[in-house]
Amino acid sequence: MRKILYSFGFLSFACALTAADKVKQERPNIVWFLTEDLSPHYLALFNNGKGAETPNVRQMAEHGLIYTNAYSNAPVSSAARTTLITGCYAPRFAGSFHRRLQSMVMPEGLNMFPTYLRQAGYYTCNAQKTDYNVQLDKDAWDEIKGELNTWRNRPDKSKPFFFQRSNLLTHESKLFFDDDTYRNVKTKNDPDKVNVHPSLADTKLVRYTYATSYDRINDSDKELGELIEMLREENVLDNTFIFYFGDNGGSLPGTKGYTDDMGIHVPLVVYVPEKWKDKIGKEYGSIETDPVSFMDFAPTVLNLAGIDVPQQMDGKPFLGRNTSTKENVVFGYGDRFDELYAFNRCIRKGKFRYARNFIPYHTQSLFAFYRYKQTAFREWKDLYTADKLNAVQRSFFEPFGPEELYNLENDPYETRNLVNDPQYKSIVAELRGELDSYLINKADLGFFPETIILEEAMTNPATYGEKNKWRIKSFVEIADLQTTAYSKDTEKQLYKALRSNDPVVRWWGLTSCVYFSKQSSDLKAEVSKLLTDERSFVRSRAMVLLSMYGQKYAKKDILTVLDNAKTGAESLLVLNDLTFMIENGLIKPFELKMNDIKEECQGVDWRLKYLNSFVGTDNWKDRWKMIYKEEE
């Protein structure tokens, strides 16, 4: 911990101290002010003056704490907010798929944390966004769709309150401007003075996008100031903790929606009222460097309110009493983002972030409709196609590889993957083992295709995971073959997986075979048998591998697989494989219509828009117009 170096006037931010015995009888009010899609990398407060200025957040920091290593666990709204409201590792109850195709059941015996606050006498209110992937706990909120001043509605003014405000002004969609706006609307922040990060090309459009984002950050800070003034006017500021944080990372291209550090790293500043300072035991203006995550936020609120933290929660308190058990490690996860299936997990421990990409032959850039609505995102793709990016900027469009390791202390923008550097071999092995153990211990349901969860686990996903922990362990073992050199032993284990009675084992065997496509051709005969597998997600993954071996497929083959799908999620998974094949020139593009998809779900329409844009043109400018013509 070190003292913050800034020196600014505090402008009467808090009221006078009260007697210690009165504090014992009181419970603090707690406010969460969430800014949408925001990484600390965009704030001057966190970057030695480089980034958007936030004077109200800065004042909070002078009378509170700055957390430099706060993480949202998931890089997109619904998965991150599900983590927040439950205090849990969301993949253990399939709460990490964005957005939900069906709402998941909470772990047995657990409520959303505001319920415990209400039971203890708190007035709980939300303004306005919820966006949970779990079934709503109807006892959680007194008011769920309020406004900035909803906390004032509590009938008994002596009652403590918990208030959550989601500020939408920084949302990713604020960067979906058109060419006319770009050319004719000036930003308040000077594009020439923004801090462009190394992952993006330094173009006029990128600078304009940064400046627009800075403008929106300034706007959200103003609303924070309005809320603080309301609390002061109501004479409750002196008894109110205020948490300012991003709801996930973002929102320039390559951040939100991806489990890189900028996708899950969020700013966190906590204002500590004077009367509670001694109980917190930290100096005002302190910088807290130990990692905390959204799993810890609910336990922290309950802890500050003097409420026991339920054992079912996975997080630990980081403020108040009983914080000694907090571990200095955080975990991140990414599953489906709209129509795009990804499966990434990571661990941040000390200065290192280790990432495990379980579909290692994919690129991060595999198309997602909502992400590419940003003009700057499409320009990034165009520059890659024209071979005008450097190695760091190009890496987004190249295969993940199974593992990544970054020293965030020296390389905060993750420009150098250390995973193959011999001097870090032991660190890679240690973090891989720790991550694997955690995923198995938590019964991470991300190892199951989403369709299996929807078909088999909906009574209680967390219980289903516990009962199938032994299967998850076997999936991890097959997937971890990707982290080893291909050998006869590897081939033997993959052969066994391909012949398994468990379709998910077969699917993981195929996934690892695809990664080893240049070495695994001796398994072609076994792979070919899976073209008639009972499950479509197995058939389509077999098609991916066989097409890499040179086998040709056409529309009729894909339609046969789609006709066999049991759920919309299975259709979407097949279309994900088809997207990989088309993007890599493994199958000739063809048109698909919605009535070709027997089992539909949310996201299928977006996927078809993209796939159909490959029919009849190789020009990306024309493709963008086809994909987004209805959006203009």
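The values are calculated or read from the model by the stated rules, or taken from the named source; none is laboratory data. Treat the numbers as computed from the prediction; the structure is a model and nothing was measured. Cβ atoms come from the backbone with ideal geometry, glycine included; neighbour counts cover every protein chain shown. For accessibility, only protein heavy atoms count, side chains too; no ligands or nucleic acids. Shrake-Rupley method; radii C 1.70, N 1.55, O 1.52, S 1.80 Å.
Details
- Close pairs (7 angstrom Cβ cut-off, 6 or more residues apart or separate chains): free of Cβ contacts under 8 Å to residues at least 24 places away in the same chain and part of a helix (DSSP H, G or I) in region 604-625, open to solvent by 10 Å² or more (accessible area, probe 1.4 Å) and not polar (S, T, N, Q) anywhere: D605/M594; N612/E591
- Of all residues in region 108-129, those that are within 26 Å of E455 (Cα to Cα) and surrounded by fewer than 24 Cβ atoms within 10 Å (Cβ to Cβ) total 4.
- Every condition in (1) open to solvent by 40 Å² or more (accessible area, probe 1.4 Å); (2) assigned to a loop (DSSP other than H, G, I, E, B) is met by E477 except one, and the failing one is (2).
- The number of residues in region 236-287 being outside any loop (DSSP other than H, G, I, E, B), closer than 30 Å to F367 by Cα and out of contact with any strand residue (DSSP E or B) (no Cβ under 9 Å at 6 or more places or on another chain) comes to 1.
- Region 151-199: number of residues that are in a loop (DSSP other than H, G, I, E, B) and hydroxyl-bearing (S, T, Y): 3
- Going through (1) outside any helix (DSSP H, G or I); (2) out of contact with any His (no Cβ under 7 Å at 6 or more places or on another chain); (3) at pLDDT below 50 one by one, V31 falls short only on (3).
- Residue in region 50-68 that is under 24 Å from R321 (Cβ atoms), modelled with pLDDT of 95 or more, over 19 Å from the mean Cα position of the chain (by Cα) and open to solvent by 10 Å² or more (accessible area, probe 1.4 Å) present: yes
- Subset of region 442-472 that is without any contact (Cβ under 8 Å) to a residue 24 or more places away in the chain and surrounded by fewer than 16 Cβ atoms within 10 Å (Cβ to Cβ) - its residue that is nearest to the chain's Cα centre (by Cα): E466
- Qualifying residues in region 37-49 (those that are closer than 17 Å to D247 by Cβ and not aliphatic (A, V, I, L, M)) - the one most open to solvent (accessible area, probe 1.4 Å): F46
- Qualifying residues in region 151-203 (those that are closer than 18 Å to G249 by Cβ and among the hydroxyl-bearing types (S, T, Y)) - the one surrounded by the most Cβ atoms within 10 Å (Cβ to Cβ): T170
- Selection count, region 568-584, where residues are surrounded by fewer than 21 Cβ atoms within 10 Å (Cβ to Cβ) and under 19 Å from L101 (Cα atoms): 1
- Once region 69-111 is narrowed to residues that are closer than 20 Å to T567 by Cα and aromatic (F, W, Y), the residue that is nearest to the chain's Cα centre (by Cα) is F97.
Each row is one residue, and each column tells you yes or no for (1) modelled with pLDDT under 95; (2) under 25 Å from L389 (Cβ atoms); (3) within 24 Å of the chain's Cα centre (by Cα).
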site: R165; (1), (2), (3): no, no, yes
site: K186; (1), (2), (3): no, no, no
site: R207; (1), (2), (3): no, yes, no
site: G225; (1), (2), (3): no, no, no
site: G254; (1), (2), (3): no, yes, yes
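- Test: L148 is surrounded by 11 or more Cβ atoms within 10 Å (Cβ to Cβ) and assigned to a helix (DSSP H, G or I): no
- Any hit, region 83-94, residues being farther than 18 Å from T240 by Cβ, surrounded by fewer than 19 Cβ atoms within 10 Å (Cβ to Cβ) and among the small types (G, A, S): no
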